[in-house]
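Worksheet: the structure to be examined is printed underneath.
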Amino acid sequence: MAELDAIEVVLRDGNVDEAIKLLQAFISSSEIPSDKAYYLLGNAYRKKGDWQGAINNYLEAMAINPDSPARNAYAIANDILDFYNKDMYNQ
C-alpha cells in the first residue's frame, strides 16, 4: 500500500504527531483492517513514549495477522517495561 509507505516515511523522518494523525485517518477510513497500519501506529506511540498506546496497537496488529512484525515489537516493548534496576528502589 503506497499510502502506508508514505506515512512510514513521515514517521521515519520524525514527524510523529503527523504520522499518528495520518494513521488514525487511514485506519478509520479503511474497509479492511491493516496490521501494518496498527503496527506503524504502535511504533509512533512508542516514539512518543506512550507505551500503553504502543502495546494496544501492537495487539491490534497481531489480532489481524499473528505473523505481523508487531509480534516482535510487542515482545521488545514488554521486555523494556519489565526491566528495572532493583537497586534503584533500595536507595
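The values are calculated or read from the model by the stated rules, or taken from the named source; none is laboratory data. Since the model is a prediction, treat every value here as computed from it, not as a measurement. Neighbour counts run over all protein chains shown; Cβ positions are idealised from the backbone, glycine included.
Miscellaneous remarks
- Of the residues examined, Leu81 is not one that is in a helix (DSSP H, G or I), surrounded by 12 or more Cβ atoms within 10 Å (Cβ to Cβ) and without any contact (Cβ under 8 Å) to a residue 24 or more places away in the chain.
- Test: Ser28 is modelled with pLDDT of 95 or more and in a loop (DSSP other than H, G, I, E, B): no
- Restricting attention to segment 31-64, the residues that are over 21 Å from Ala6 (Cβ atoms) and not in a helix (DSSP H, G or I) total 2.
- Test: residue in segment 12-26 that is of a type outside the set (A, V, I, L, M, F, W, C) and surrounded by 15 or more Cβ atoms within 10 Å (Cβ to Cβ): yes
- Where a residue in segment 19-44 is under 14 Å from Met62 (Cα atoms) and its partner, wherever it lies, is at pLDDT 95 or above and among the aromatic types (Phe, Trp, Tyr), with Cβ under 7 Å and at least six apart: Ala37/Phe26; Tyr39/Tyr58; Gly42/Tyr58
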